[in-house]
Structure formats: structure tokens, C-alpha cells
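Report on the structure given below.
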Amino acid sequence: MIQQLIRFLTSLRLTVVCLALGILLVWVGTVAQSDEGLYQAQQRYFKHWWVAGVSLFGYRVPLALPGGYLIGTVLLVNLVASHLARFKFAWKKLGIHITHVGIILLLVGQLTTDLFSRETQMRFAEGETKSYSESAQENELVFLTDASAPDRDEVVAIPESLLRRKGEIRHEKLPFTVRVQQYHVNSQLRRRGPMVDTGPPPATQGAGPGVVLTPVAETRSMDERNLPSAVLELAGAPGTSGTWLVSPLLEPQEFKVGDRSWRMALRWRRVYNPFSMQLLKTTHEVYRGTDIPKNFQSRIRLENPAKRENREVDIYMNNPLRYQGLTFFQYQMGRDEMDQSRGTSTLQVVRNPSWLTPYVGCATVAAGLLYQFLMHLAGFIKRRVA
Amino acid sequence: MKQWLPWIVTIAAAVWVSGKLPAARDAAGGFAREEFGRLPAVANGRFQPLDSVGRNALLQLREKQSIYLPQEKRPLAATEWLMEVLMQPEKADERRAFRIDHPELIALLKLPTKEATPGEDGKHYSWSQVKPSLDQMEKEGKRIREIKPEVRTPYERAVIKLQSGLFLYLRLKNTLQPENTVDFVQDLAEYQRALAPGMAALRSREAGKEYDGLAFTNLLTVVEPFDKLAQMQSQLEAPFLIPPHHPENRKDEWMRTGETLLESVRGQALHPALNYYARMAVAFRQQQPTEFNKALTEYRGFLDGKLPAETKKARAEHYFNHLQTFYTAMVLYVAAFLLACGFWFNLHEGLRRSAVCLIALAWVVHTAGLLFRMLLEGRPPVTNLYSSAIFIGWGAVVLGLVLERFFKDGIGSVVASSVGFLTLIIAHHLSLTGDTMEMMRAVLDTNFWLATHVVVVTLGYASTFVAGFLAMIYLLRGVFTRTLTEVTRRSLTRMIYGILCFATLFSFVGTVLGGIWADQSWGRFWGWDPKENGALIIVLWNALILHARWGGMVKERGLANMAIIGNIVTAWSWFGVNMLGIGLHSYGFMDAAFRWLMLFVGSQVVLVFLGLLPQRLWRSFRPAGASAPTPAQTAAA
């Protein structure tokens, strides 16, 4: 029984089957991107154990496939097992061993990247200073109240996934219970017209009575983001009876519980940094007479009081800033909506503790393949000449 | 004969090639159009000679670099056409510069068809013929632009394509002088005469003093067409003809003629280049080649003194256009292919050696073109889809020649010449979309990664294709001829296997380098972008073939079949993913290419089915003298 299992796990057939399934998955996952959106397809096909039902060229196909995690894991087990079972040192096979060690590194590296990496964005206009970046996909419900220190807030953040479930949310630092009455993945808000909009308002308190809420379908486009909204009830806090509407489109709304004042907002999920960055100047050059971008560049003042750092840096295409385990890349550039003379810049902020593994893995595999290939070639030429 | 044939063939071909080397000269007594074509301008964001402006425009408008004139029985060269467009547009308006071949579009524009009107070819039409229906075009274009490009019908795409062609034509027409100009020199003189009194009147008027009303209105009348020209030029994104006043300070501040003209209102003296162009325009209209050539020579002298580097670069690119290296190489590859195929039929060693010599010569020409392009662009060999085709061909020819060197059986030659020819044909079709030396957008603007990732991954494509073509030879010769002998079979298998190892190495390293570039420029080693995934599929497929072979799951024939599927995989990654229209690497939807891709994939699938036929149906495996088994016999067996 164990013998059979070992034979199965170490067989080349398993490798070939995994590679074939991998090809199929990558292909399906690529084609599906035009129907499901790049981000969604990535999550569903490559970052899951199973894929049930695929979309091909606009059609739904009832097909079940092993997902990226499953194929990757089985390949990894297969690789490690066959090397443990059959490893015998020989100069002739050295290249093959090195190559496979590199492949293991790449697989493990990709897995850890998936698990530990985080991508956020930092968007600011010239002159603005920011000490946090924001998620491009996720949102959070926050309750803010004055902390003991001046110009500091105490923040209670609730991830969007809890809102999605609706129901009740309790937190030890909140003197009330949040009841989620409605939640919409994507929505539009507009100001309520006095004569036109006669239906009931989405909520009774704060900004709620002044707007009209229209739920819309979830967007799959790369260039748009979902703007969720929720209608909440704060139970157990006197003076907050009624319902509140929250959405990233609204400013934070204030309310009082006892003599403590609170603000609440549904906003793009934030990640705070122990340092701040100020956008000094943006440069956006195009080639003469065209709109082909030639250069995007942001000049930034980096301030880190803990390390007594205060310096200016340039971030531009193919020249990111690596600082304190984070990497800042030039991502987009534009103009401030309110003030066209002010440039805006968006930086992609990436934390990826295993960013070095692909470099090492690639070099290892290349060395192994090259070794093996040159050995073959040398043998071949020797035979030909002889 | 046997020994002499390769020499004769090579020398003949070399003479033909060297005949193309001397730079193009202008005929005495005529307009110096080649010299005019060498003038530098800034178009599409880069310095280029007017010759390139003309050629690229004609390629986009009518897929050829010239217009054939049936009455005069000669082609109208691109530069000559451009001279007409710039200086005598009413003549250019009559030239059949637009290719319109969709029947519904022809009907929409009420154009004469081939059947109904003698003298029409039903494909090429002039601006004057299209002009009466411009309103219709405008209306249709507006409607269609609201439809997503992927779901447009062929007719709708034809409308959009023609519309952008018309836009391009208007752009060129407004590059030099206002439309309907008869004598640009005189207009300039009048403008300058009106300028001083007119400006004085304007200043007095602004100061609230008494002013010369006549001089004032006079200036307004003269300025008006120039002002309109300047507006048109910036709307149409016209090329920049006029060099900067002070090239020693800012090299890239080239100007359009309109803005140069308006500078005078602000007190700047009229740019000398404008005068030269005006003189050329008038001489051209009045059919005075001597005057034209004189103004042109003087302008050249002016440029040589002020902008020696740009002038030199424009001249070099003009020479490159003139050489048509890739076309020459293509012709040589075809000839070599025929010779190598001939060798398989009668095994005449002279034919094989001739083929090898021709391929080597073609490769030298191919390489020269590649290097020339790299020098002009100041970039590594692959910068866009067009150059990837040229480079894949180049790499495949090298591999084919190496195989031929070792095996000496004509197989390497056939692969080298056919892949070389096919990729250059593909490159030619890709060049129809416009300038092939366009500037690199900021993300791609790094020579280091273009030289490493792009080159290596392209070599990976090239070698996977070579393995696939070798496999095609295995199958075709095996199924249809008796020439797949034991020896040939063995050596073909060895070649396929060897090239696949090579392909695995290159596609893997290239793909991972791409990941590292992505990590460097947007912080993501692997983004599951379609182009990345395409490259990954090639790596996985090559790895799968090798593992299946090592595990004994496939033998010779299976290896060949899998290598053919490698062709499909590579074609998909090279072109198919661009047609999905998503991701950072996409270049837009290409419908004609899609049809060809499907044809190619279809042909490869047919080959794989052929390869799956039982071996007793292969001619090469049948015992000598036996006739083909009938279906009944096959069924009985």
C-alpha cells in the first residue's frame, strides 16, 4: 500500500499529468480574464484549490478543474518525493538536480508571495503628505474617536467581509452594536432632487436623507473599482436611533454617544506606515506631438522621525524606491479634479517578504539547464567529430 | 556542374544583392525627390526622414509603398506622392491613395464598382471620390466608436480604418501650407509686408489712440488662414517640419509651420526653413525642377550647419528604407527553399550546397537589416511585435544553419528558409499598421530588459517553432513519401529533441526574466497577465514533452506530434493573447491576423491527426513495392 503510494507520488507520469493540467488551467484562466476580469479570474483559477465551472469566450462551460494551489502542491510533493526516493549523485545528472532545486524554490516562493504579499496604493496631489496607503480592492468600516494624545485618533476598523455577511457586529471598544441592514457590493449615489425623488431615503440619519442610493452590478473591469454601500443601525447607543448610510463616496459622519463624539466612514482599507511621504513634484512627459508617455516621475520627501530621516527621492518607471520592506512604484499620473494645475500621482506600494526567491530560483534553474544542455552539446559534437 | 553550381548561384545572388547597395539618385533635370525624402522632420514622436513619413502613410492607406499610375505606366513613389500632398494637394486628391475593399463600405460611399465602371479596380479610390460622402462617414464613425472594438463587424472595422486613413491624409495635407494656397512665397511676403504697419495699428488701438484701420484689417486678413492652419495642425497632430531656432539649447523643440508663422506676430523673424519650403512648394506647383532643387540644396546646406546629427540620422534612415533588406532576404529564402526541396527529390548535393549558400547570404542581409534598425533606433533588436517577427526568423535561421552544418541532409536548410520566409512575411503584414520604429512608452523604456528578457524569450519562441517545423518535416515525409528512412528518422528525432532542450532553456529563462522585470517596474513578479501566461504555457509544454520522453511515455512519433502542438502553443502566445485585448501587453485587436492564426492552428491540428494515423498507412513504413492498403484491407487487419 505504502509502496504503491510512493510509486505514485514519485512517478514521472504524475509530473506529466500535472504539467498538462497546469497548461490547461493557465490557458483557461487567461481566456476567462476577458469575461471575468483580471483580478477575479486570478483569484478563482490560480489562487484556489478547485475551479468549478469555467467561462470561455463568453460561454459558461460546466467543467471542474484542479486550481493553481492544488496543481502547485502536487507538483511540489512529486518533485521532492522523487528526489528523496531516487537521488543518487552523478556528475551527469548534476544539472537536472540543480534545475529541480530551482523549481522548488520558485514554487515555494510563489506560494509565500501569495500568502504574505500585500499590494496597496498611495494616491496624492502635489503638496499633500500621506502616511498610509490604500487597498485597490478592499474597503473597511471605521469608527474614529479622539484618543488620549492630541491629533491622534483611536480607530476601530471592520473589514468589508463582515458587512457582506450582514447581521450584528460587536467590538469591545465600541459602546454599541452595529446592525447591518443592507449591503451592496457596488452602488451609485446622487443628491436627492427635491421634487423628483419621492421614494423613501436610504437612511434616516446623517447624510442618508439627502441622497438616492442605486445598487449596481459588481464591476469586473480593471480600470474601475466597486463602490460598496451599507445601511447600518447602531443599537445600544442612546441618541443614534434610526439608520445610517455609509459609502466611500461620503465624507465621515459624526455622531455622539454620551459626551464622546465619534465619526464613522466606509472607506478604502488603509495600511499605515511609521513614516510619511510628501509629493513635491510630478513630471509627466510625452513624446513630441503624440500621447505616448515618455516619463512619469514623482519627487517625494520622505520623513521618518524615528530614524531622523528627512530626504528627497525620485520614483519613476523602472526605478522604484525600496524602503523598510516596502517597495514604491510609479503607477499612475493625473491632474487634481478640483485644481487642474496640481498634478497627482499614484504609487503602487508592495510588501513582499519573499521577493528575492524568484531571483535565486531563476538563477539556479538557468544554471542547471545550462550545465545539462552544454554537456549534451559537448557529447553530441564529440560524437559528430569522431 | 556539381562543384560549380553553388558558386554560380551564390555569385549571381551576391551580384543581385550588391546591385541594391548604391544610394538612390535623382535623375538629372527632374525634381530631386530622393534628396527631398532625406529631409528630417519630427513625426510620431521621433526624428525621421520625409521618405519614412510618406512610406508609412502609404502603407497605412493602401498597404503598398507606392501608387501605380496606369496611364503613365509607372509607380508613383511615396516621396513623390508626399510632395504632391504637401505642395499641390489638388493633384494628390486625384491619386488613388485609399484602399477600400469592403463592399458595404463602397456602397455607403457610393463609389464606382469594378463591374459598373471601366477603369476602376474596385479597391483603390481617391480623396475626391470619397469626399462627397464624408458626412456619411462621419455619422457612421460616430455610431461605431461607441461599440466596443471586439464586437465590431468587419464592415464597422472597415469604416473605422478608412476614417483613420482619411484623418492621416488630412494631417499630411495640412502639414506645410494652408489649403488652397496658390503661391506660398507671395503669401509670406504679403504677410511680412502687412506685419509692421498692422502691429503698429494694433498697439495704437489697444492703447486707445488713433490707428490705421486699413493696416489693421489688412493684417487680420493675412493672419487668418495661418491662424486656422495652426489650429488645424494641432488638432490633427501634424508632423513638425520646422527645426528649432536654437538647436544647441533644446534639440526636440521642432515646430509646426502654423506656430512658426504666428511667432512673427510676437516679433520673431520668420524662420528661414519656412522660406525654403515655400520656395520649393511654388517651384513644384509651377513645374520648375531647377528652382525646386536650388531651394532644396540651400535648405540642406542650412540644416547641415545647424543640425548635423539629425540630418545624418534622416539620411541613414532614408538609405535603410531604400535598401529594403528584409524584402531582399525574403526573396533569397524562397529561392533557397526551392533548392533545398529539390535536393530531397533528386539528392543532388550541388542543390543542397547552393541552398545553404543562399541561406547564408540571406542571413547576412537579414542580419544587416536587423543591425541597421538597431542602430537607427538605438535599441536592442526586439521593441515591438514587428521586430519580434524579424528576430524570430533570424534566430530560427541560425538554428537551421547549425543543424545543416552537423547533419548535412537538407533538413536544416528547409527549416531555416521556410521559417525565415514566413516570419518576414508576417513582419511585412505587421508593418501595415504604421511606423515600425515608434517610440517606447515609459514602462518599456529600458534597454537592459529589452536586451535580456525580450531577446531571450523571443529566441525561445524561435527555437520552439524550429522544433515544430522539424516535426512537420518528419510527418510529411513519413506519411507522403518514402524518404523517411531509418537514418533520417533517427537524425530528425535527435534534432527535435536537441532543439526542444534549447527551447526549454530559453523560454524558461526568458519568462522568468520577464517576471523579474515586472517585479522591478511594478512590484509584481508574476501578475498572470495574458502575455506572461502565454510564455508560461510554452515553458510548461516544453517541460512536459521532455518529461514524457524521459519517462518513455512517447517515442519518436509522439515526440514529433507533441512538437507540432508546440507550434500552436507558440503561435497562441505570440499572437493569440494580443487578440484577447486585455492586460498590459495587449496591442489591440487584429482581425486579419486572427483569421491567419486560426488557419495556422487548423493546419497544425490536421498534421497532428496525420501523425496519429497507424504506421502502416505511412508510405515510409510500408514495405517496398507494396501498394497502399485499401480501406477494406485496413478494416480486416
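Read the figures in this text as sums done on the coordinates, not as results from a lab. Note that the coordinates shown come from a computational prediction; the quantities given were computed from them, not determined experimentally. No Cβ is skipped: glycine too gets one built from the backbone with ideal geometry, and neighbour counts run over all protein chains shown.
For the reader, a short list of remarks on this structure follows.
- Set of lysines near B:Lys91 by C-alpha distance (under 16 Å), chain-local residues within fewer than 8 positions excluded: B:Lys131, B:Lys173
- Inter-chain shielding of A:309-319 (mean C-beta neighbours from other protein chains, 10 Å cut-off): 2
- In angstrom, the C-alpha Rg and Dmax of the protein assembly as shown are 34.3, 114.
- Gaussian network model of chain A, springs between alpha carbon atoms under 10 Å - residue of A:Pro353, A:Pro293, A:Pro248 with greatest fluctuation: A:Pro293
- Cα-projected label distance for B:Arg494 with B:Val151, points at 7 Å along beta-carbon direction, nm: 5.7
- GNM top mover of A:His284, A:His184, A:His376 - chain A, alpha-carbon springs below 10 Å: A:His376
- For segment B:344-461, radius of gyration divided by Kirkwood radius, i.e. Rg to Rh on alpha-carbons: 1.05
- Each Lys or Arg adds one and each Asp or Glu takes one away; over the other residues whose Cβ falls under 13 Å from the Cβ of A:Ser135, this sums to +2.
- Projected label points at B:Asp227 and A:Ala367, each 7 Å from Cα along the beta carbon direction, are separated by 7.2 nanometres.
- Rg/Rh for chain A, where both radii come from Cα atoms and Rh is the Kirkwood radius: 1.06
- Full extension of the segment from B:Trp550 to B:Asp121, taken as 0.36 nm per residue of separation minus the current Cα-Cα distance, would add 148.5 nm.
- Proportion of all alpha-carbon pairs of segment B:461-622 beyond 24 Å (%): 40
- Pairs of Cα atoms in segment A:50-97 fall into 5 Å distance bins, from 0 up to the last occupied one, in shares of 5, 17, 15, 14, 12, 9, 8, 8, 7, 4, 1 percent.
- Gyration tensor analysis over the Cα atoms of segment B:147-241 returns equivalent ellipsoid semi-axes of 42, 15, 9 Å (largest first, whole Å).
- Principal axis box of segment B:163-212, alpha-carbon based, largest edge first, Å: 51, 23, 12
- Peptide A:25-36 has a mean of 5 when you count, residue by residue, the C-beta atoms of other protein chains within 10 Å of its C-beta.
- Overall form of segment A:183-244 per C-alpha gyration tensor (a/c, 1.5; a/b vs b/c): oblate
- Under the span-like rule (Cα at least 15 Å along the axis, Kyte-Doolittle mean at least 1.6), DSSP H helices of chain A: A:12-31
- Angle between chain B longest axis and helix B:411-430 axis [Cα atoms, degrees, rounded to 10]: 30
- Computed [θ] at 222 nm, deg cm²/dmol, chain A (DSSP H ≥ 4; -39,500 (n - 2.57); rounded to nearest 500): -9500 deg cm²/dmol
- Only aspartates and glutamates eight or more places from B:Lys123 in sequence, or on another chain, were considered; those with a Cα closer than 14 Å are B:Glu63, B:Asp101, B:Glu104, B:Glu115.
- Dividing the mean sequence gap of close Cα pairs (under 8 Å, 6+ apart) by how many residues segment A:143-203 holds gives a relative contact order of 19 percent.
- Counting, for every residue in B:551-564, the Cβ atoms of other protein chains within 10 Å of its Cβ and taking the mean gives 1.
- Stretch gain in nm, segment A:Glu251-A:His376, where the contour uses 0.36 nm per residue and the Cα spacing is subtracted: 38.2 nm
- Rounded to the nearest whole angstrom, the semi-axes of the ellipsoid equivalent to chain B, taken from the Cα gyration tensor as √(5λ), stand at 55, 26, 25, largest first.
- Taking 7 Å steps out from each Cα toward its Cβ at A:Lys307 and B:Gln287 produces label points 7.8 nm apart.
- From the largest down, segment B:534-581 spans 40, 17, 9 angstrom on the principal axes of its Cα atoms.
- Computed FRET value (nearest 0.05) for A:Asp114 with A:Leu9, which takes r as the C-beta separation and R₀ as 30 Å: 0.80
- The local environment of A:Ala81, defined by Cβ-Cβ distances under 14 Å, has a net charge of +3 under the rule Lys, Arg +1 and Asp, Glu -1.
- Rg and Dmax of segment B:396-465, both derived from C-alpha coordinates alone, stand at 15.4, 47 Å.
- The calculated P(r) of segment A:1-143, using every Cα pair and 5 Å bins from 0, goes 2, 8, 13, 15, 14, 13, 11, 9, 7, 5, 3, 1, 1, 0 in percent.
- Charge tally around B:Val512: other residues with Cβ under 13 Å, Lys/Arg +1 each, Asp/Glu -1 each, net -2.
- Histogrammed with a bin width of 10 Å, the alpha carbon distances of segment B:293-376 distribute as 17, 29, 21, 16, 10, 6, 1 percent, first bin at zero.
- Projected-area average for segment B:203-247 over all orientations - Cα convex hull basis, square nanometres: 5.1
- Cα gyration tensor, segment A:135-270 - rounded (a/c under 1.5), prolate or oblate: oblate
- Put simply, the Cα atoms of segment B:42-176 extend 41, 37, 22 Å along their principal axes, the longest span coming first.
- Two-decimal Rg to Rh for segment B:184-309 - Kirkwood Rh, Cα set: 1.03
- Here's the list of lysines a cross-link from B:Lys20 could span, going by alpha-carbon distance under 24 Å and ignoring same-chain residues fewer than 8 apart: B:Lys64, B:Lys73, B:Lys312, B:Lys313.
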